[in-house]
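Student: Below is the structure I would like to discuss, written out as structure tokens.
The values are calculated or read from the model by the stated rules, or taken from the named source; none is laboratory data. Please read these numbers as outputs of a predicted model, since none were measured by experiment. Cβ sites come from the backbone with ideal geometry, for glycine too, and all protein chains shown count toward neighbours. For the accessible areas, the whole protein counts, side chains as well, though only heavy atoms, and no ligand, DNA or RNA atoms are used. Shrake-Rupley method; radii C 1.70, N 1.55, O 1.52, S 1.80 Å.
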Amino acid sequence: MKTIEKLLLGILLITFTFTSIAQEKEEYKPVYLTVTTGHWSSDSNTDYSDWLKTEQEYFNKVTMKNDLIIGSGYYTHFFTADNSEVLFVSVYQNWEDIENSGEITSKLIEEGWPNEDERDAFFKKQSSYYSAMHSDEIYQTTKFRKPVKTTSKEPLIYYVKRNVLGEGGEGFNEYFENITMKNSFLKGYYTHRHRWGANSREAIEVFVFDKFADIENSFNETTKLVEAYWPDKEKRKEFFKSYSKIFSGHGDYIYQNVPELSK
């Protein structure tokens with residue numbers, strides 16, 4: 001029996017600039033995210049009519065009842081290079097909970113589908129929606145965040161910026177407090193660093209919006225906020241000369257969540 005584990009986001013092998021800046025009155029305790037990037041099945045005969053119903057059944061019987069999973073999300077392609085992408089994200093308090101969660105999940109599966117034949121049939125059906133190809137990564141959160149607060153049942157837009165660490169640079173905390181946090185179009189914001197996966201220099205920023213158009217609106221507001229905070233062009237130029245060294249490059253990905261599968 002094989003299912004895709006819910007997974008989006010480490011302690012870097014090199015110093016991540018985020019950790020050396022931004023002081024808070026209360027000690028920030030990071031959490032861990034497991035991210036599985038799966039893909040829809042390429043079989044043209046796949047029947048997706050009961051897909052959401054099937055995933056909700058698993059979500060209700062397993063994910064919601066596993067107390068070691070403190071958060072969970074399901075994200076589908078909106079604007080990326082691969083429209084078959086599906087991200088499964090689970091959040092844990094610590095690394096040990098990631099390891100122990102599997103045993104609890106196994107027990108919940110047996111409790112949820114006590115009949116072995118019915119259990120096998122369910123997971124065969126669930127697996128049919130996805131291809132066997134997937135990749136797994138684990139990330140650790142950082143203190144730079146703006147938690148999403150919404151009661152909306154509509155999907156939110158998640159703009160994921162996958163940065164690669166650069167030479168160092170500085171100014172992230174100043175930019176975060178005076179630009180990012182003041183952007184009215186930004187519903188939520190999260191940062192994560194590599195803990196386990198393919199690229200130890202990866203540093204993730206996740207920007208959450210109500211709708212796709214708000215991404216462009218936020219860019220325009222960012223420009224206004226930057227010009228207001230650094231009215232002197234030379235000082236602005238000097239700041240971004242250092243700031244630009246924090247990352248050496250990035251890739252852009254846009255997803256939308258499935259509200260019914262959010263914990």
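Student: Take the conditions under 26 Å from GLY71 (Cα atoms) and touching a Pro at 6+ places or on another chain (Cβ under 8 Å) and apply them to SER152. Does it pass?
Tutor: Taking the combined requirement at face value, the residue satisfies it.
Student: Answer yes if at least one residue in the stretch 186-205 is open to solvent by 30 Å² or more (accessible area, probe 1.4 Å), over 15 Å from the mean Cα position of the chain (by Cα), modelled with pLDDT of 95 or more and of a type in the set (Gly, Ala, Ser), and no otherwise.
Tutor: Scanning the stretch 186-205 turns up no residue that is open to solvent by 30 Å² or more (accessible area, probe 1.4 Å), over 15 Å from the mean Cα position of the chain (by Cα), modelled with pLDDT of 95 or more and of a type in the set (Gly, Ala, Ser).
Student: Can you name the condition, by its number, that MET181 falls short on among (1) in contact with a Leu (Cβ under 6 Å, 6 or more places away or on another chain); (2) assigned to a helix (DSSP H, G or I)?
Tutor: So MET181 meets the others, but not (1).
Student: Report yes if PHE219 is farther than 18 Å from THR34 by Cα and assigned to a helix (DSSP H, G or I), otherwise no.
Tutor: Criteria met by PHE219.
Quick grid of which residues meet (1) at pLDDT below 95; (2) aromatic (Phe, Trp, Tyr); (3) on the phi < 0 side of the Ramachandran plot:
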{"residue": "LEU12", "(1), (2), (3)": "yes, no, yes"}
{"residue": "LYS25", "(1), (2), (3)": "yes, no, yes"}
{"residue": "TYR32", "(1), (2), (3)": "no, yes, yes"}
{"residue": "TRP51", "(1), (2), (3)": "no, yes, yes"}
{"residue": "GLU57", "(1), (2), (3)": "no, no, yes"}
{"residue": "VAL62", "(1), (2), (3)": "no, no, yes"}
{"residue": "ALA81", "(1), (2), (3)": "yes, no, yes"}
{"residue": "GLU85", "(1), (2), (3)": "no, no, yes"}
{"residue": "GLU118", "(1), (2), (3)": "no, no, yes"}
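Student: Quick check on the stretch 209-239: of everything there that is closer than 26 Å to PHE79 by Cβ, hydrophobic (A, V, I, L, M, F, W, C) and surrounded by fewer than 15 Cβ atoms within 10 Å (Cβ to Cβ), which residue is nearest to the chain's Cα centre (by Cα)?
Tutor: Selected residue: PHE212.
Student: Restricting to the stretch 31-51, name every residue that is open to solvent by less than 40 Å² (accessible area, probe 1.4 Å) and of a type outside the set (A, V, I, L, M, F, W, C).
Tutor: TYR32, THR34, THR36, THR37, GLY38, HIS39, SER41, THR46
Student: Going through THR80, THR76, THR54, THR63 one at a time, which residue ends up being surrounded by 14 or more Cβ atoms within 10 Å (Cβ to Cβ) and more than 22 Å from PHE122 (Cβ to Cβ)?
Tutor: THR80
Student: Here is a further query. What about VAL148, is it within 28 Å of PRO30 (Cα to Cα) and open to solvent by 20 Å² or more (accessible area, probe 1.4 Å)?
Tutor: So VAL148 passes the test.
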